[in-house]
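Asker: Let me give you the structure first, and then I'll get to my questions.
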Amino acid sequence: MIFSFAILTLLYLIFLSVLAYLGIGYIPILLIASAMILAQWYFSDKIVLWSSGAKVVSREQYPELHDLVERIVARNNLSKPRIAVIDTDMPNAFATGRGKKSSVVAVTTGLLNILDTEELEGVVAHELTHIRNRDALVLTLASLFSTVAWYLMQFGFYGGLYGGGGYGYGNDDRDRNGGGIMLIILLVAMLTWAISFLIIRAISRYREFAADRGSAQMTGKPVKLANALMKISGTMRRIPTKDLREVEGLNAFFIVPALSGSTIGNLFSTHPPVEKRVQKLMEMEASMS
Amino acid sequence: MNFFRRFKKHAFKANSDAIFSLSSAYITLEIKLGLKNTGRSAMSIKAVDGMHFSVMREDIQHFLDASKTEFNLSYRTITDSYGYLWVIIEAKHMEDILAGITSIGDTVYEKGFSDKLLAAIFQFSNNNIESNNNNNNMQYLIYNYKRNNFYPFIPTGQKNRDTEQEMKILSALGQEVPFEKDMSFWYPMWDLPL
């Protein structure tokens, strides 16, 4: 965690000094980007709710869900977030909000359908841990760098276009020079964006493990969250139902299992592989019993 | 050929080693999950036609007859609808069961049928649940000879299984015995003749 932030800061400084060296007025860009990020953070709950189609639901609409959330909140001395439901069969859940008051925990109807009460508790506790740990803020801060880099990249592209289209106008020498600087900015911005993109994902994966751990502590039943994760991801379906004696002839047992979840895939994903999360949860379960 | 045989012998030794890891792991199961070994276990071997196989079958029976008193075990054999020969043995002590299972494995290996060995199954019952139905709360560890590792199998009624309890067994034993971490290999064995 600290390591990730150290790298981010270093990256940020290098990025700034390169810009300064090139004599770009980076302050205006930075100001605009910061304003946008602040706005993004401030309205994050509304943006996320709107874009996901989640509707905040009252106690009258979903009494059992409200009871369930209140049980966990009361036991763990947290403040109760608003509860939202998304009408889709895809089982999923998320938490959003910049602070304790504006937080929302959203679940899909698909999730409510496939999980039993204790599994749902595990998932809700996971989301509540995200809120308690202020993960939205952490990730917003972390994405500051990549956002700035992103805007600069756009800026660089347009600059490149204008520079490239400038044949026949003005001084050839100056044109070539300007194009070169633009190219450097573009490259540095792209590099910054790419690296911070990877780091954000690393942080995000770490926060997921932390939220799993928090959920396990809140409910005391990590196995339930593990079950829920397997149901959501469809891992449950991977447990075969065909009899061993039927498949024996297929010789499937000699085949070395394909590299499941390549390292590259891991680098890019925001969530750790379900197998790893389940494994860690089961280790917690083992140490609890 | 020699190399190949040695390789196979080595692989087979690995089978016995893996199975013997249960000699301490079954205590872990009892302490952590309250599962008690019932003393019943079984081996399934793909039956093939021919004299050699029936000779081997007789050898196994002779061996078990001879060791009845030494290991204090009883046994029976059946052939199931899939065409598998089952040797079901019952003994008081886990050590005797393991000795019996690995000795049968040795015999099968010596007769050249080691590739016909499918699985060894160990039965456990849950102390915590009041046993009202005889076979309803039986839990199994299946040892797959080809994968050389164990996985849990807990049938609940009609072709259903208790995945949650199976996960608990994984977390209790995962470090202690060679365990099948890839759940897509957790093949069930319905209607076990134990």
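Asker: Taking the condition in contact (Cβ under 8 Å) with a residue 60 or more places away in the chain, over 24 Å from B:Asn149 (Cβ atoms) and surrounded by 14 or more Cβ atoms within 10 Å (Cβ to Cβ), does B:Phe63 pass?
Answerer: No; evaluated as a whole, the condition is false for this residue.
Asker: Given the criterion at pLDDT below 90, under 24 Å from B:Tyr151 (Cβ atoms) and of a type in the set (S, T, N, Q), identify the matching residue among B:Asn72, B:Asn15, B:Asn37.
Answerer: Just one listed residue meets the conditions, B:Asn15.
Asker: Something else now. Considering only region A:88-113, how many residues are under 17 Å from A:Val57 (Cβ atoms), at pLDDT below 85 and surrounded by fewer than 21 Cβ atoms within 10 Å (Cβ to Cβ)?
Answerer: 1
Asker: While we're looking at this one, here's another question. What are the residue pairs meeting all of these: first residue in region B:176-194, first residue more than 7 Å from chain A (Cβ to nearest Cβ), second residue of a type in the set (A, V, I, L, M) and surrounded by fewer than 16 Cβ atoms within 10 Å (Cβ to Cβ), Cβ atoms under 6 Å, and 6 or more apart or on different chains?
Answerer: Close Cβ pairs (under 6 Å, with a partner that is of a type in the set (A, V, I, L, M) and surrounded by fewer than 16 Cβ atoms within 10 Å (Cβ to Cβ)) amount to B:Pro193/B:Ile78.
Asker: Which count do you get for residues in region B:174-184 that are closer than 30 Å to B:Ile78 by Cα and more than 16 Å from the chain's Cα centre (by Cα)?
Answerer: 2
Asker: Continuing with the same structure: Can you find even one residue in region B:91-110 that is within 14 Å of chain A (Cβ to nearest Cβ), buried (at least 20 other Cβ atoms within 10 Å of the Cβ) and either touching a helix residue (DSSP H, G or I) at 6+ places or on another chain (Cβ under 9 Å) or in a helix (DSSP H, G or I) (or both)?
Answerer: no
Residue-wise test of (1) assigned to a helix (DSSP H, G or I); (2) closer than 30 Å to B:Tyr151 by Cβ; (3) modelled with pLDDT under 80; (4) among the acidic types (Asp, Glu).
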position: A:Trp193; (1), (2), (3), (4): yes, no, yes, no
position: A:Lys231; (1), (2), (3), (4): yes, yes, no, no
position: A:Lys242; (1), (2), (3), (4): no, yes, no, no
position: A:Gly249; (1), (2), (3), (4): yes, yes, yes, no
position: A:Phe253; (1), (2), (3), (4): yes, yes, yes, no
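Asker: Does B:Pro152 satisfy the condition of being more than 10 Å from chain A (Cβ to nearest Cβ), modelled with pLDDT of 90 or more and either crowded, with 17+ Cβ neighbours inside 10 Å or in contact with a strand residue (DSSP E or B) (Cβ under 7 Å, 6 or more places away or on another chain) (or both)?
Answerer: Against the criterion (more than 10 Å from chain A (Cβ to nearest Cβ), modelled with pLDDT of 90 or more and either crowded, with 17+ Cβ neighbours inside 10 Å or in contact with a strand residue (DSSP E or B) (Cβ under 7 Å, 6 or more places away or on another chain) (or both)), B:Pro152 qualifies.
Asker: Still on this structure, I have one more. Considering every residue within region B:37-46, establish whether at least one is within 20 Å of the chain's Cα centre (by Cα) and under 17 Å from B:Glu176 (Cβ atoms).
Answerer: Yes, there is a match, as at least one residue in region B:37-46 is within 20 Å of the chain's Cα centre (by Cα) and under 17 Å from B:Glu176 (Cβ atoms).
The values are calculated or read from the model by the stated rules, or taken from the named source; none is laboratory data. On a predicted model such as this, the values are computed, not experimentally measured, just so you know. Positions of Cβ are backbone-derived with ideal geometry, glycine not excepted, and every protein chain shown enters the neighbour counts.
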